[in-house]
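Let me begin by presenting the structure, written as structure tokens, before commenting on it.
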Amino acid sequence: MIGKETTAGRVTKFTFLGLWLVFSLFPLYWITVTSLKAPGDIFAFPLAYWPERFSLENYQGLFGTADFGTYLVNSLVVATVAGAVATAISTLSAYVLARFEFRTKSALLMAALVTQMIPSFIALGPLYLLMTDLRLVDNRLGLVLVYIAVCVPFCTVMLRGFFENIPDALEEAAMIDGLSRFGALVRVLLPVMRPGIVAAFIFNFVNCWNELFLSVTLMNSDSNKTVPTALNGFISSFNIDWGSMSAAAVLTILPTMVLFAFASRHIVQGLTSGAVKG
């Protein structure tokens, strides 16, 4: 018989949870405070954990001199398009792998998993040569295609688990009622799969939004650079622009925070339903 939790146990648990919360949130708090300090106050000694006066100078510099708005738009377009297309392709691929049996099925699943074990920077050289031959270097379309290729394997494996949790009888009943297999997929299975699809899209979106190596390699002009590339540009050989970089980091984090806030219910439901096979 499991005994009741003691007062000391509850105090210990909440103490550790509180310390973990502080440890997790302090970096976010610090970059936010730093972004709201005037450039001359950032290196003031002793450190001010709460600024005496707030300043929007770092944010004004981002949009006035650094053209950060262009980087935000580029990241938003690339991450949204790549995430949506990768999710659509992965959904169809996962359906095939979950519902059909064919000779190379195991090999395809193994290949999809193996690709996740290979660091992306290993393929940067050959990938750059390939994109150069296709004239897709410094082109948002080229970056979107690369991101789709990177996201599809893992997303396919993840969505396959969702399809396997849906009884075959549901699809068979829809086909008996006159729907084609594709019609049953679109009108019956996909509505049931909505939490998994939302979770997959957010996974793809966040990966594309935060990706740095491919973006730095393939994007050269300022008009096509994404947010991670812009953040990297605040670090030079002899100086780091902490104020501007902190302001840019805050603006970079906000879209993903808003996305998770509005879709948290779908994310939790999707990840838990795909983790356990019924």
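The values are calculated or read from the model by the stated rules, or taken from the named source; none is laboratory data. Here the structure is a predicted model, which is why all the values come from computation and not from measurement. Glycine also receives a Cβ, built like all others from the backbone with ideal geometry; neighbour counts cover every protein chain displayed. Just the protein is used for accessible areas: all its heavy atoms, side chains included, with ligands, DNA and RNA removed. Shrake-Rupley method; radii C 1.70, N 1.55, O 1.52, S 1.80 Å.
Structural remarks
- For the stretch 186-205, the set of residues classified as in a helix (DSSP H, G or I) and touching a Leu at 6+ places or on another chain (Cβ under 8 Å) consists of 187, 188, 189, 192, 196, 197, 199, 200, 202, 205, listed by residue number.
- Annotation note: of 69, 83, 61, the sole residue that is over 30 Å from residue 202 (Cα atoms), open to solvent by less than 40 Å² (accessible area, probe 1.4 Å), in contact with a helix residue (DSSP H, G or I) (Cβ under 9 Å, 6 or more places away or on another chain) and in a helix (DSSP H, G or I) is 61.
- Boolean, residue 121 is open to solvent by 50 Å² or more (accessible area, probe 1.4 Å) and in a helix (DSSP H, G or I): yes
- Selection over the stretch 126-144 of residues that are more than 16 Å from the chain's Cα centre (by Cα), part of a helix (DSSP H, G or I) and either aliphatic (A, V, I, L, M) or within 27 Å of residue 107 (Cβ to Cβ) (or both) gives a count of 6.
- Test: residue in the stretch 131-145 that is closer than 16 Å to residue 94 by Cβ and either β-branched (Val, Ile, Thr) or out of contact with any helix residue (DSSP H, G or I) (no Cβ under 6 Å at 6 or more places or on another chain) (or both): no
- Residue match in the stretch 21-40 (condition: over 20 Å from the mean Cα position of the chain (by Cα), modelled with pLDDT under 85, loosely packed, with under 15 Cβ neighbours inside 10 Å and of a type in the set (Val, Ile, Thr)): no
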